[in-house]
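For reference, the structure discussed in these notes is given below.
Every read-out reported here was derived from the displayed coordinates using simple, explicitly stated rules and does not represent laboratory data. Quick caveat, the model's predicted, so the values are computed rather than measured. Here Cβ is always computed from backbone atoms with ideal geometry, including for glycine, and neighbour counts include all displayed protein chains.
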Amino acid sequence: MQNTINKEIRRYQESVLMGMDLRQTLCSGVAVGMAAGSYFLLDRLCGQETASWLCILVAAPAAAAGFFRYDGLNFEQFLCTVWKTEVRCAGNRLWKAENRFMRKPGKRKENAHAAE
C-alpha cells in the first residue's frame with residue numbers, strides 16, 4: 001500500500017469537481033452563467049454569431065479569476081496589490097544610501113538624529 005504525497009505541500013488543492021478546487025469550480029459556474037445569460041440577451045439584438053463571440057468576452061474574466069495565480073496571490077489579492085502599488089501609493093520614491101560602516105561605533109541611528 002502506497003500513499004502519494006505531493007512534492008510541494010503548500011500547493012496542495014483538494015479536488016471538488018473534475019480536478020478543480022472549490023474556487024475554480026465556483027468561478028467556472030459563474031462564467032457559464034454569465035455566458036448563457038449574455039447569449040440569450042444578445043442573440044436577438046445582434047445575431048447568433050456576434051452574440052456567441054460577445055458571450056466569450058463577457059465570461060472570460062470570471063473564468064480566468066478562478067485559475068489565476070501570481071506569486072502565490074489569487075486574482076483578488078493581485079488586483080488589490082496592483083491598486084495599492086500603482087494608484088494609492090504611486091509617485092516618486094526617494095532612495096538614499098546609508099553607509100553603516102562610516103558611523104561612529106556606539107551611536108545608533110536613533111541617537112544620531114536626537115543629537116542633531
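Quick one: which of 68-74, 28-34 comes out on top by average Cβ neighbours within 10 Å, and what's the full order, highest first?
Working: 68-74: 12.0, 28-34: 15.9.
Top of the packing list down: 28-34, 68-74.
Gain in length, M102 to N74, computed as 0.36 nm per residue apart minus the alpha-carbon separation, to one decimal in nm?
Values: separation 28, 0.36 × 28 = 10.08 nm, distance 4.41 nm.
Net length gain for the segment: 5.7 nm.
Rounded to the nearest 0.05, what FRET efficiency do F40 and A64 have when you use their Cβ-Cβ distance and R0 = 25 Å? Walk me through the numbers on the way to the answer.
On the way: r = 22 Å, r/R0 = 0.90.
Here the calculated transfer efficiency is 0.65.
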